[in-house]
Amino acid sequence: MSASDIKRLVRKFKNDIVDSSERLGMDTALVKKDNIVEIVQFLKDDDKLAYNMLRHLTCVDYLHREPRFEVIYVLYSTTNKQQVVLKAMINADDTTIDSISHLYGSANWAEREVWDMYGIKFNHHPNMRRILLYEEFEGHPLRKDYDKQTSQPRVQLLRQERDAFEEFKTYHVGESAEGSRS
Amino acid sequence: MGLEQQLPGFITSKLEPAVNWARKFSLFQYPFVTACCGMEYMSVSCARYDIARFGAEIPRFSPRQADLLFVVGTVNHKLAPFLRKVYEQMTEPKWVVAFGVCASTGGFYDNYATVQGIDKIIPVDIYIPGCPPRPEQVLDALMALQEKIQNEPFDKYAYERRRQVAVAEGLVDAERLKPPG
Amino acid sequence: MPDSSLDMDTAGIHTEPMLLNMGPSHPAMHGTVRMILTLDGETVIKCDAEIGYLHRGFEKECENATWTQVFPYTDRLNYVSPLLNNFGFALAVEKLLGIEATPRCNYIRTIMGEISRIGDHLTCLGAGSLELGGFSGFLYAVEAREHLYDLIEEVTGARLTVSYGRVGGLKTDLTEDFAARWAFARERVMRIWEDINKLLTRNRIFLDRMEGTGVISQADAISYGLTGPMLRSTGVDYDVRKDHPYFAYGDVDFDVPVGTHGDNFDRYQVRLEEIKQSMRIIDQALARLPDGPINVDDPRVVLPEKERVYNSIEGMINHFKLVFEGIQVPAGEVYSYTEGGNGELGFYVVSNGTGKPWKVGIRSPSFYNMCPIHKFVEGGMIADIIPTFDGINMIGGEIDR
């Protein structure tokens, strides 16, 4: 069962695992980010655990909390039909973590997407560049402090995109309203 | 077609409706399909809601050979330069139909990624609302476009003749009208 | 770009590899993807796929919407089978809430989901036939899909983007004559299925182009996270409906077709057979459809009846709070997965206890199916890209969200 998998993991990597739980049928382990490659390699190469598929790799941004980001690895074993979730904690001042793209082929694009959307750099990744957005884009949109209704056009637009809203945003209380149509 | 610009006025007024009639009933589309509206576009071109009865069946996947640009689905900022390039590569006469609400105004994607309507990038003739529009709506829009084409004057594409007239009358400086580069 | 290590001097002719751009707007009607190919004659040496041309900021939009307002966004993920996405998200939120949908709701979700799945596979087969030059197959498949759209429109009110699922239940119940309408549509769809089968499965040209192209090994498939018909065509028997049953899939009896070679023809056959199995599921589920309510009896989750809303103050306030503030889902996170049209569709949902989600992460099958595109394409010819790309059934809305 998955519960004993977590117990084996905790026994082997005592220092790195901060918390483990089994809420809502999901076996989760909260780990420190330093030895993440070893932990994932152990889960993958072990004969009985055999987590051979990386189901999903994503990140969550908890804005006003330290550690700010958590990179989520959802691993699955097609032979045992078991799933385990690893959550690696990342602080706001050091948003890097080691890449697991040499272990799973799907991690290549998934890590590029996390870089694109959240700004977490993966060390030793063969191709660390944006995947869903274009190279000239500035910022990392899925971070909680990125405003949704911004506009970074690539071509010269024929007219303003959002009429009233953009004027409203440039309007500051106390300043003269004359120059707001910019 | 610069020839019809040179003909005397009497002949062009008889030729205009004929040429427009030919243009409106043989539109070669360029389906710039991106998203969910593409499914309704497929329904429109197939057997039940047949677009072939309007003469607009053939999708020509080269902009040089097409005259109707169907922008089907959401256009985002990453794709915008390609849409502009395709539009600029099309030869005149050309028309643009914004198919679906994402192409008309950005739909309900009011965020950093989506262009809020393709009329911010290229000029549009007909807007079809709907998410996605029913095939009958698309055919209605096609008929409205055909009406618009029927009432177009020949002069619409007479850029060269209008430029010569303007320069001859001294309205514009000939230097300013030269194409860049 | 000239690269002297690749200069091949056959009969003294100087050759160089060529860079070809299969740009974002190309006739393969599956989505906008740009492939930058390095070619040596007709053979592809290197393929670099660029996605993101339909990135619509889905996850960012969901963070500003209430839980029920996310449903229209889920429709537009895999827009060929929207009902499956709706129900997948509803399942995820119900897991967080800790509630179980009613039996009738589970059966109806199964039925409507399978109808959508048949539509998805039909579109894939039809588009595949179109791209290889057989326009008739496309016309037949879209005609069959129209019958299914009629059925969906009767029940949900819309053809394509339905927003039919709700947290804790569904929007409305099935219509009374649904069984009769299904029998009508089923007969026609089955006839068209046989037509397509006769047209394509033993067609010399189709076989030549589909057999042996786009091959991937089992180990590679698992490492790249492939799921759905792609994975089953390589021989791995993994189907979320059978291995981790949800809704009413545990009660019905169906087979999961599994291929052997991992090439395009196996994917075509897997999809063709899955349509038949889906019809089996719907027949059985309709026969055993239980009576009862479709929505969970929980006023914190489900909107009250209109009579109560207009005639009592409690009903009105309940309605108001649910619509304006959203369902108050307790804090927590869950990864819930269902079988979408292309493979395993997962929702990694994080809630912070309010009426709006903190994060709705989507594990889209098309994204992971497209990861090994260079493995499929490199070494083959350009013309083999078309059936491969069709076999992957990459839906633009899903891969870019």
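The values are calculated or read from the model by the stated rules, or taken from the named source; none is laboratory data. Model, not experiment: these values are computed from the prediction. Here the Cβ is made from the backbone with ideal geometry for all residues, glycine too, and neighbour counts use every protein chain on show.
Looking for something surrounded by fewer than 22 Cβ atoms within 10 Å (Cβ to Cβ) and modelled with pLDDT of 90 or more - is there at least one such residue anywhere in the range C:72-81? Yes, that holds for at least one residue. Screening C:R145, C:R117 for residues that are within 22 Å of C:Y368 (Cα to Cα), under 16 Å from the mean Cα position of the chain (by Cα) and of a type in the set (K, R) leaves exactly one candidate, C:R117. Of the candidates C:S223, C:S233, the single residue that is free of Cβ contacts under 8 Å to residues at least 12 places away in the same chain and under 30 Å from A:Y76 (Cα atoms) is C:S223.
If the condition is being touching a helix residue (DSSP H, G or I) at 6+ places or on another chain (Cβ under 9 Å), within 11 Å of another protein chain (Cβ to nearest Cβ) and among the β-branched types (V, I, T), then the range A:68-101 contributes A:T78, A:V84. Here C:F265 passes the criteria (1) over 15 Å from C:N393 (Cβ atoms); (2) of a type in the set (F, W, Y); (3) touching an Asp or Glu at 6+ places or on another chain (Cβ under 8 Å) except the one numbered (1). Against the numbered list (1) in contact with an Asp or Glu (Cβ under 9 Å, 6 or more places away or on another chain); (2) among the charged types (D, E, K, R); (3) buried (at least 16 other Cβ atoms within 10 Å of the Cβ), C:E154 comes up short only at (3). Of everything in the range A:59-107 that is under 16 Å from the mean Cα position of the chain (by Cα) and small (G, A, S), the residue that is nearest to C:P372 (Cα to Cα) is A:S106. For the range B:61-84, residues that are within 14 Å of the chain's Cα centre (by Cα) and surrounded by fewer than 19 Cβ atoms within 10 Å (Cβ to Cβ) total 3.
Elements of the type helices (runs of 4 or more DSSP H) sitting completely within the range C:128-217 and holding at least 2 residues that are among the aliphatic types (A, V, I, L, M) and more than 29 Å from C:T74 (Cα to Cα): these cover C:178-200, C:204-210. Note on the range C:241-282: residues that are in contact (Cβ under 8 Å) with a residue 24 or more places away in the chain and assigned to a helix (DSSP H, G or I) amount to 18. Restricting attention to the range A:102-140, and to residues there that are touching a Leu at 6+ places or on another chain (Cβ under 7 Å) and not charged (D, E, K, R), which single residue is nearest to the other protein chains (Cβ to nearest Cβ)? Taking the candidates together, the pick is A:S106. As a summary of the residue check, C:A183 satisfies the conditions (1) of a type in the set (A, V, I, L, M, F, W, C); (2) surrounded by fewer than 20 Cβ atoms within 10 Å (Cβ to Cβ); (3) within 20 Å of the chain's Cα centre (by Cα) except for the one numbered (3).
Can you confirm whether the range A:32-55 contains a residue that is of a type in the set (A, V, I, L, M) and within 16 Å of C:E333 (Cβ to Cβ)? No, the conditions are met nowhere in the range A:32-55.
For the range A:58-101, the set of residues classified as buried (at least 19 other Cβ atoms within 10 Å of the Cβ), out of contact with any Gly (no Cβ under 9 Å at 6 or more places or on another chain) and among the hydrophobic types (A, V, I, L, M, F, W, C) consists of A:V71, A:L75, A:V84, A:V85, A:L86, A:A88, A:I90, A:I97, A:I100, listed by residue number.
In summary, B:I51 fulfils each of the numbered conditions (1) touching an Asp or Glu at 6+ places or on another chain (Cβ under 8 Å); (2) within 11 Å of chain C (Cβ to nearest Cβ); (3) not basic (K, R) with the single exception of condition (2).
Scan the range C:159-174 for residues that are within 11 Å of another protein chain (Cβ to nearest Cβ) and either of a type in the set (S, T, Y) or over 18 Å from the mean Cα position of the chain (by Cα) (or both) and jot them down. Result: C:T161, C:S163.
None of C:M381, C:M394 is more than 30 Å from A:T28 (Cα to Cα), at pLDDT below 90, of a type outside the set (V, I, T) and surrounded by 16 or more Cβ atoms within 10 Å (Cβ to Cβ) except C:M394.
Going residue by residue through the range B:170-177, is there one that turns out to be in contact with a strand residue (DSSP E or B) (Cβ under 7 Å, 6 or more places away or on another chain) and either surrounded by fewer than 18 Cβ atoms within 10 Å (Cβ to Cβ) or under 30 Å from C:L54 (Cβ atoms) (or both)? No, the range B:170-177 has no match at all. Would you mind stating whether A:L43 is modelled with pLDDT of 80 or more, of a type outside the set (S, T, N, Q), under 26 Å from A:H125 (Cα atoms) and in a strand (DSSP E or B)? Criteria not met by A:L43.
Looking only at residues of the range A:23-65 that are within 14 Å of chain C (Cβ to nearest Cβ) and charged (D, E, K, R), we find that the one that is farthest from C:D237 (Cα to Cα) is A:R65. May I ask you to list the residues in the range C:318-338 that are farther than 19 Å from C:Q69 by Cα and more than 10 Å from every other protein chain (Cβ to nearest Cβ)? Hit for the range C:318-338 is C:T338, nothing else. If the condition is being assigned to a helix (DSSP H, G or I), surrounded by 21 or more Cβ atoms within 10 Å (Cβ to Cβ) and of a type outside the set (G, A, S), then the range C:218-240 contributes C:I222, C:P229, C:M230, C:L231, C:R232. Pairs linking a residue in the range B:156-172 that is within 21 Å of B:E92 (Cα to Cα) to a residue that is surrounded by 11 or more Cβ atoms within 10 Å (Cβ to Cβ) and among the small types (G, A, S), with Cβ atoms under 9 Å and 6 or more positions apart or on different chains, are B:R163/B:A174. If you go through the range B:32-48 and keep only what is touching a Ser or Thr at 6+ places or on another chain (Cβ under 9 Å), within 8 Å of chain C (Cβ to nearest Cβ) and touching a residue at least 24 places away in the same chain (Cβ under 8 Å), you end up with B:F32, B:V33, B:T34, B:A35, B:C36, B:M39.
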